[in-house]
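The values are calculated or read from the model by the stated rules, or taken from the named source; none is laboratory data. It should be emphasised that the depicted structure is a prediction, and the values quoted were computed from it without experimental measurement. Note: ideal-geometry Cβ built from the backbone for every residue, glycine included; neighbour counts use all protein chains shown.
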């Protein structure tokens, strides 16, 4: 926890002790602030994560192209490419999930919906926490992730939708093996290097 946040927490605790007329000394308040700091930090991180999941991401549409021979409609935004089969209903579960993830998660750089119940999802997580969020969101165990070159691959499930996940640059995030293992992203018995 950063010093400014510790000082801010200490100030709030001191004010609460005065308002409630609690008989706490300055040393007790300082120790209380230090003890509560990790819990407050975790609470703030959870709040920030939930807000991130609710804020829509806006992309500028660069173009749409339909390849009739391949049977795919491709829409390109400034930072994301979306492909959907021309025979797939845009209201199908996989298409709706792809739209939700594209519009709310800035990590998404590609979606592919070949059928109404299958989604190919490509993300570029910015941190280990972001990668952990994707694994949790798609119900993927750390043991199910395979790493090849700089990317990580796994298959998850959201409701009745199978999701093929590709995490670009994840191998670089997992380079700090003790931290990744601590966060539950590598199995304890994993000794191979990514």
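Checked against (1) within 29 Å of the chain's Cα centre (by Cα); (2) modelled with pLDDT of 80 or more, residue 36 passes all but a single condition, namely (2).
Would you mind finding the one in 147, 170 that is out of contact with any strand residue (DSSP E or B) (no Cβ under 6 Å at 6 or more places or on another chain) and surrounded by 15 or more Cβ atoms within 10 Å (Cβ to Cβ)? Sole residue among the options that is out of contact with any strand residue (DSSP E or B) (no Cβ under 6 Å at 6 or more places or on another chain) and surrounded by 15 or more Cβ atoms within 10 Å (Cβ to Cβ): 147. Those residues that are out of contact with any helix residue (DSSP H, G or I) (no Cβ under 9 Å at 6 or more places or on another chain) and outside any strand (DSSP E or B), I need them from the range 135-180; list them, please. Those that are out of contact with any helix residue (DSSP H, G or I) (no Cβ under 9 Å at 6 or more places or on another chain) and outside any strand (DSSP E or B): 136, 138, 139, 143, 168, 169, 171, 172, 175, 177, 178.
If the condition is being within 16 Å of the chain's Cα centre (by Cα) and in a loop (DSSP other than H, G, I, E, B), then the range 81-118 contributes 105, 106, 107.
Kindly indicate whether any position in the range 43-58 is at pLDDT 70 or above, in contact with a helix residue (DSSP H, G or I) (Cβ under 9 Å, 6 or more places away or on another chain) and not in a helix (DSSP H, G or I). Checked the range 43-58: no residue is at pLDDT 70 or above, in contact with a helix residue (DSSP H, G or I) (Cβ under 9 Å, 6 or more places away or on another chain) and not in a helix (DSSP H, G or I).
When 66, 88 are checked against the criterion of being touching a strand residue (DSSP E or B) at 6+ places or on another chain (Cβ under 9 Å), outside the structural domain of residue 44 (by TED's automatic domain parsing) and modelled with pLDDT under 90, a single residue qualifies: 66.
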